[in-house]
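In what follows, a single structure is set out as structure tokens and then discussed.
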Amino acid sequence: MPSLFTRIIQGEIPCHKILEDERYLALLDVRPITPGHALVVPKKEIDYFFDLDDSLLSGIMIFARKVAYALKKTVECKRIGVMIAGLEVPHAHVHLVPMRELGDLAFAKARPADNEQLAQMAEKIRKHL
């Protein structure tokens, strides 16, 4: 059975895309920890992040860096935090979370986001790519 991210990549489930190429997709998290919380996902479905081959593993971080710079220009924050948890969806992915303080990297703070707010945020971020 395809993962949630595979279904998004295949267009079965809508998302707020930020950036996409042949190997990766960056999208906004629908339950953001902070506004602008994004996910970077390899299009190849692999459950455990460290099972990615060397090319995908290094490439996902280079791709994520582009998104992180755009997020930093869009959302007022001190840094873009990077988190790899890997328990919530069985498909490798990187969380990029705009942070003002270390406590901003807590999943307990995640709340469902309004679809219109996500659409507006995605548009703002894409302008900085």
Extreme residue, most open to solvent (accessible area, probe 1.4 Å), among residues of region 9-47 that are part of a loop (DSSP other than H, G, I, E, B) and touching a Lys or Arg at 6+ places or on another chain (Cβ under 7 Å): R31
Please verify whether region 78-88 includes one or more residues that are in contact with a helix residue (DSSP H, G or I) (Cβ under 6 Å, 6 or more places away or on another chain), surrounded by 13 or more Cβ atoms within 10 Å (Cβ to Cβ) and more than 21 Å from L4 (Cα to Cα). yes
Quick one: in region 61-87, of everything that is in a loop (DSSP other than H, G, I, E, B) and over 13 Å from the mean Cα position of the chain (by Cα), which residue is modelled with the lowest pLDDT? L87
Please go through region 50-60 and pick out each residue that is out of contact with any Phe, Trp or Tyr (no Cβ under 8 Å at 6 or more places or on another chain), in a helix (DSSP H, G or I) and either acidic (D, E) or crowded, with 21+ Cβ neighbours inside 10 Å (or both). D51, D54
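The values are calculated or read from the model by the stated rules, or taken from the named source; none is laboratory data. As the structure is a computational prediction, the values presented were derived from the model and not from experiment. Glycine gets a Cβ as well: all are built from the backbone with ideal geometry, and neighbour counts include every protein chain shown. When the accessible area is computed, the model is the full protein with side chains, heavy atoms only, and any ligands, DNA or RNA have been set aside. Shrake-Rupley method; radii C 1.70, N 1.55, O 1.52, S 1.80 Å.
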